[in-house]
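> Pasting a structure below so you can have a look.
Taken together, the values in this text are just the output of simple stated rules run on the coordinates, not laboratory data. Values in this document were obtained by computation on a predicted structure and should not be read as measured data. Heads up, the Cβs are rebuilt from the backbone with ideal geometry, glycines too, and the neighbour counts pull from every protein chain shown.
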Amino acid sequence: MTAHRLNNLRQSLPENVDALLVLKPENRAYVSGFTGSNGYLIVGKKGDMMLTDFRYTEQAAAQCPGVNIIDYAPDLYVSLNDAMKAANIVQLGFEGDFVPHATWVTLQEKLEVELVPCSGLVEKLRMLKDEGELASMQKAAEIAESGLTEILSLIKPGVMEEYVAMELEVAMRRLGSQGLPFPIIAASGPRSSLPHGRASQRKIMPGDFLTLDFGAMYNGYCSDITRTFVVGKATAEQRRVYDVVYKAQLKTLAAVRPGMLGKDVDKVARDYIGEHGYGERFGHGLGHGVGRMVHEGPSAGSKSEDTLAAGHVITVEPGIYIPEWGGVRIEDMVVVTDTGYRNFNKFTKELVELG
């Protein structure tokens, strides 16, 4: 698999570079299979190499078959220059949208090559998921939903948002999550109008909305799901707002298909919410790509020119947020197929009253 990805990247290299230096951890892991924290992957038109230190040489050799593994001791830059001379690399591409300025300055000073900024080469490849990636993401989605199911009985008036988030994280880790793709969002009552309201010490009150936005990680891949509950008995207004978001999400999901622009997917939800009087209360993009990172391409926002294709994974997450009152978001993660989409999520989207 890594040989296939290395070859795809090699074929996408611009004519004016001899090789690409890959430093972004998610890109490095995707292309080479290496999951260590220190590695200088060079994908060249005539071969590939990974420079790392003593801690990771054995791991890199096991994870990166076909890649020349080099221990760069005692000096990284001497080793880099020697390796690139041996490979006849004169023009070296680098991830211009990732490498910090200070690192770029150091590379300019230390390397005996011409540095050429190259942005989005690996990210473009990562947008199309293969069956193995989709299976990992499905497992991550199942872990997240199972974790949610386990902790629902703990959600009741008087419980702090932070407690709910902690118990959800523990449940997901116990079920096999390898970490969190992002800090859990747990926002209740008036705080549920905050689209990214991180868990606080606020105690949940009777009648509150509670929005939980969270995900799991499995085999290096993320999941992302949001559900909004009412703790207690929902009011007529809460049901009305929830219903608008719910139907907007269903309508948008039904429209997803290959060939659509991201902005056109967004428009389906935005138009529906606007028609029901809440257009100004839906202020974020409809969705985003998910993979090794919880936010990656393609975009499904209001300005996105990305064209959806089979194998793209996106979120569909419309919302309504009313300051000092509360908010609702419902989010699923789906993969675009040849005929439409497949949903990773099974957890109900009907309004659930807890506690």
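> Collect residues whose amide H, placed 1.01 Å from N in the peptide plane, falls under 5 Å from the amide H of Phe94; neighbours closer than 5 in sequence don't count.
Leu21, Val116, Cys118
> I want the antiparallel fraction of DSSP beta bridges within the chain, as a percent rounded to 5.
Of all bridge pairs located within the chain, approximately 75 percent are antiparallel.
> What are the ³J(HN,Hα) values, in whole Hz, obtained from phi via the Karplus relation 6.51 cos²θ - 1.76 cosθ + 1.60 with θ = phi - 60°, for each residue of the stretch 108-124 in sequence order, with x given for Gly and Pro?
Each residue's phi maps through the Karplus curve to give 4, 6, 9, 8, 9, 9, 8, 8, 10, x, 9, 10, x, 5, 6, 4, 5 Hz.
> Take the Cα radius of gyration of the stretch 142-189 and divide it by 2.2 N^0.38 Å, with N its residue count; two decimals is plenty.
Normalised by 2.2 N^0.38 Å, the Cα Rg of the stretch 142-189 equals 1.09.
> Please list the non-local residues whose amide H lies under 5 Å from the amide H of Met160, H modeled 1.01 Å from N, same-chain partners needing a gap of 5 or more.
Counting only residues 5 or more places away or on other chains, the set is Ile204.
> Taking the Cα centre of the chain as origin, work out the dipole magnitude from +1 charges on Lys and Arg Cβ and -1 charges on Asp and Glu Cβ, in debye rounded to 20.
740 debye
> Another question, if that's okay. Provide the descending list of Cα extents for the stretch 2-125 along its principal axes, expressed in whole angstroms.
In descending order, the Cα extents are 33, 31, 26 Å.
> Next question. Using only Cα atoms, find the angle between the long axis of helix 262-275 and the longest principal axis of the chain, and express it within 0 to 90 degrees, rounded to the nearest 10.
Here the helix axis deviates by roughly 10 degrees.
> Between His101 and Arg239, what length in nm is gained on full extension when 0.36 nm per residue of separation is reduced by their alpha carbon distance?
44.7 nm
> Do the alpha carbons of any pairs in Lys129/Lys263; Lys139/Lys349; Lys124/Lys247 sit beyond 28 Å of each other, and which pairs?
Lys124/Lys247
> Angle between the Cα long axis of helix 2-12 and the longest principal axis of the chain, 0 to 90 degrees, nearest 10?
For helix 2-12, the angle is close to 80 degrees.
> Would you compute, from DSSP H runs of 4+ residues alone, the mean residue ellipticity of the chain at 222 nm, taking -39500 (n - 2.57) per run and dividing by the full residue count, rounded to the nearest 500?
That comes out to -10500 deg cm²/dmol.
> Quick check on the stretch 313-355: take the gyration tensor over C-alpha atoms, sort the square-rooted eigenvalues as a ≥ b ≥ c, and tell me if it's rounded (a/c under 1.5), prolate or oblate.
Since a/c reaches 1.5 but b/c is at least a/b, the shape of the stretch 313-355 is classed as oblate.
> Rounded to whole Å, give me the distance from the Cα center of the stretch 45-78 to that of the stretch 294-350.
When both Cα centres are located, 39 Å separates them.
> Where does helix 161-174 land angle-wise versus the long Cα axis of the chain, in degrees 0 to 90, nearest 10?
Rounded to the nearest ten degrees, it is 50.
> Place the peptides 116-125, 323-332 in order of packing, highest mean first, counting for every residue the other Cβ atoms within 10 Å and averaging per peptide.
So the peptides 116-125, 323-332, ranked by packing, come out 323-332, 116-125.
> What per residue convex hull volume, in Å³, comes out for the chain when only alpha-carbon positions are used?
144 Å³
> Sort out for me the Cα centre separation of the stretch 4-28 from the stretch 137-171, rounded to whole Å.
39 Å
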